[in-house]
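Structure first, commentary second.
The values are calculated or read from the model by the stated rules, or taken from the named source; none is laboratory data. These numbers were taken from a predicted model, which means no experiment stands behind them. Here Cβ is always computed from backbone atoms with ideal geometry, including for glycine, and neighbour counts include all displayed protein chains.
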Amino acid sequence: MQPTQQINAETVKKIQANYDTTANILRTKIKKFEGLTTREAEVLQLVACGFLNKQIADKLAISLHTVISHRKNITRKLQIKTVAGLTIYALLNGLISSKNISIR
């Protein structure tokens, strides 16, 4: 059972490193975005990728009310009211790539 514990520990380290790298890239990109907070940018990414409010809340471990508040703030700060507009904004500003978008 020792090898399994090493693999799990290594896997956890890799996941943490990927998360840290992604978070740092996101923080750097956010500096140029109309004053969005890190959390608002995370919500914007998920909205642009087609996630519903409830799915975003579950994924980020926040309440549905908080997701709605973040979306209102994003809309106000960017002055973009539609999901399509937010998706285009996220694409043009490098928050997501076309690979992230799910067409249903």
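What to note about this one:
- The single residue among 47, 43 that is assigned to a helix (DSSP H, G or I), at pLDDT 90 or above and touching a Ser or Thr at 6+ places or on another chain (Cβ under 8 Å) turns out to be 47.
- Residues of segment 32-79 satisfying the condition of being small (Gly, Ala, Ser) and either out of contact with any helix residue (DSSP H, G or I) (no Cβ under 9 Å at 6 or more places or on another chain) or within 19 Å of residue 101 (Cβ to Cβ) (or both): 41, 48, 50, 61, 69
- Test: residue in segment 2-21 that is in contact with a helix residue (DSSP H, G or I) (Cβ under 8 Å, 6 or more places away or on another chain), modelled with pLDDT under 95 and within 16 Å of residue 94 (Cα to Cα): no
- Members of segment 81-104 found to be buried (at least 16 other Cβ atoms within 10 Å of the Cβ), in contact (Cβ under 8 Å) with a residue 60 or more places away in the chain and farther than 14 Å from residue 38 by Cα, listed by number: 93
- Residue 78 over 14 Å from residue 42 (Cα atoms) and buried (at least 18 other Cβ atoms within 10 Å of the Cβ): yes
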